[in-house]
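Taking it in order: structure first as structure tokens, then the write-up.
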Amino acid sequence: EGTMFNFISYAFPTLNIGTIGFAIGRIGTGDIVARNIDQVSSEQEFSWDEYQAFIAYAKKLPWNITSGATVRIIRRGFSNLDTELYSGDLIDYGVGFDLGFMYTPSGFTSPFLRDWNLGLNIRNLFAPQLKEGDQIDAFPLSIRFGILRKLYFSGGGNNINVMLDLDYSQERDMMFNMGLESVSYTHLTLPTNREV
């Protein structure tokens with residue numbers, strides 16, 4: 001229906017100080033026909049879009065823990081409004097903060113205890129609040145805890161990732177998600193002592 005989504009990102013890994021990432025995303029739609037409370041359309045059209053800029057940082061810590069944090073700057077708004085309540089542009093800005101941790105146990109020899117990953121994601125730890133007219137849209141706190149288990153087959157070159165997570169949000173009931181992912185590795189052997 002004419003909605004466009006654009007996203008670009010860049011990550012800069014370093015050996016000592018961690019990884020820094022930047023991203024900009026946009027979703028928007030235009031040519032929305034204005035209607036009154038009785039759903040009667042008018043000749044006036046307006047548009048809506050939301051931009052998000054991300055600044056992220058991740059670092060591997062001792063004990064096989066990796067942590068990451070993201071600051072999100074959000075711009076959301078309606079353009080070219082011409083209604084009884086609002087005229088012109090209705091735009092607001094907000095800032096959010098997310099935090100994440102991943103733990104990868106190591107050193108286990110038992111096949112049952114190896115190849116696990118545990119993750120924790122806290123979204124909107126500092127929640128953006130965007131004003132839309134006389135309403136405030138406060139982003140809900142969301143906490144997700146996940147487990148990933150790698151199952152190897154075909155001589156160890158391929159594996160299936162089994163993933164489970166619990167997803168809590170302030171605005172809905174707890175959700176349970178699960179999924180499978182197939183991963184295939186290709187090993188390349190480069191020739192040596194080759195004459196050109």
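Derivation of every value follows stated rules applied to the coordinates shown; laboratory data play no part. Since the model is a prediction, treat every value here as computed from it, not as a measurement. Neighbour counts run over all protein chains shown; Cβ positions are idealised from the backbone, glycine included.
General remarks:
- Estimated distance in nm for a label pair at Phe153 and Thr109, the labels positioned 7 Å out from Cα along Cα-to-Cβ: 2.8
- From most to least packed by mean Cβ count within 10 Å, the peptides 101-112, 60-71, 117-128 give 117-128, 60-71, 101-112.
- Remark: the range 169-176, residue by residue, has Karplus-estimated 3J(HN,Hα) of 9, 5, 9, 7, 6, 4, 10, 10 Hz, where x stands for each Gly or Pro and the curve is 6.51 cos²θ - 1.76 cosθ + 1.60 at θ = phi - 60°.
- Cross-link partners for Lys131 among the lysines, with Cα-Cα distance under 28 Å and sequence neighbours closer than 8 places in the same chain left out, do not exist in this structure.
- Amide H to amide H, with H built 1.01 Å from N, Leu141 comes under 5 Å of Gln170, counting only residues 5 or more places away or on other chains.
- By the rule of a C-alpha distance below 25 Å, with chain neighbours fewer than 8 residues away ignored, the lysines paired with Lys150 are Lys59, Lys60.
- Net charge over other residues, Cβ less than 15 angstrom from the Cβ of Leu15 (K, R count +1; D, E count -1): +2
- Net charge of Cβ neighbours under 13 Å - reference Leu151; Lys, Arg +1; Asp, Glu -1: +1
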